[in-house]
1. Using the Cα centre of the chain as origin and beta-carbon charges of +1 (Lys, Arg) and -1 (Asp, Glu), tell me which of Asn83, Met139, Val19 is placed farthest towards the positive end of the dipole.
2. Which of Val85, Val145, Val54 moves most in a GNM of the chain, Cα contacts under 10 Å?
3. Report the semi-axes of the equivalent ellipsoid for the chain in whole Å, largest first, where each axis is √(5λ) for an eigenvalue λ of the Cα gyration tensor.
4. Please work out the Cα convex hull volume for the stretch 3-71 and give it in Å³ per residue.
5. Using label points projected 7 Å from each Cα along Cα→Cβ, tell me how many nm separate His10 and Asn103, to one decimal.
6. Stretched out fully, how many nm does the piece from Ile91 to Thr117 gain, at 0.36 nm a residue minus the Cα gap?
7. Which of the cysteines found in the chain have nothing to pair with, since no other Cys Cβ lies under 4.7 Å from theirs?
8. If you take every residue apart from Met96 with its C-beta less than 12 Å away from the C-beta of Met96, what net charge results, scoring Lys and Arg +1 and Asp and Glu -1?
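We did not get these values from a lab; they are worked out from the coordinates using the rules stated. What you see is a predicted model, and the numbers here were worked out from it, not measured in a lab. All Cβ positions, glycine included, derive from the backbone under ideal geometry; neighbour counts span all protein chains shown.
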Amino acid sequence: MSEALLLSAHAREEIDGWVARYPKEQKRSALLSALQIVQHENQGYLTTELMDAVALYLEQDKIAVYEVASFYSMYELEPVARNSVSICDNISCMLMGSETIINHVERKLGIKIGESTEDGRIFLKKEEECLAACSGGPMMQVNHVYYTELTTDKVDEILDNLE
Ligand code: FES
């Protein structure tokens, strides 16, 4: 199978959408989004084969893709869980109650930060540095979606709706 065929039709369509936002010679600019899309479709983590497929699809060196995937905390290179949840604990979010949210989520899921639920449904990533949505704190990122102005009720609704 061609490496690029490892990417689903849906993933290729979404990546194409990102590529179209940049000048033709700047395909590389779509790399961060492409990796997030592919990771989301692969139960929350990237494999070497998938990174290679993204490299081929975006006409990049494989090593450049590995560097990006291993540098940014939003990518996982080992199996974790189907959904990745990051709760911001930086200063603004902390002042707006992130600790209450973290404690609530840990209690609700029965796991600590850095762990996955036994059913493989949710991975609670290590506490994140600022996710650049400070005015909406406390906030969390679930897969690639941001949720702001969290309350414990809002968190329950979001987490209960994850597959
Ligand atoms: S401090 Fe939480 S998003 Fe910036």
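1. Val19
2. Val145
3. On the way: eigenvalues 186, 60, 35 Å².
Equivalent ellipsoid semi-axes, largest first: 31, 17, 13 Å.
4. Details: hull volume 5.1 nm³, N = 69.
In the stretch 3-71, the Cα convex hull volume per residue is 74 Å³.
5. 3.8
6. Numbers: separation 26, 0.36 × 26 = 9.36 nm, distance 2.74 nm.
Difference between extended and current length: 6.6 nm.
7. Flagged as lacking a Cys partner: Cys130, Cys134.
8. Working: positive: none; negative: Asp89, Glu99, Glu149.
It works out to a net charge of -3.
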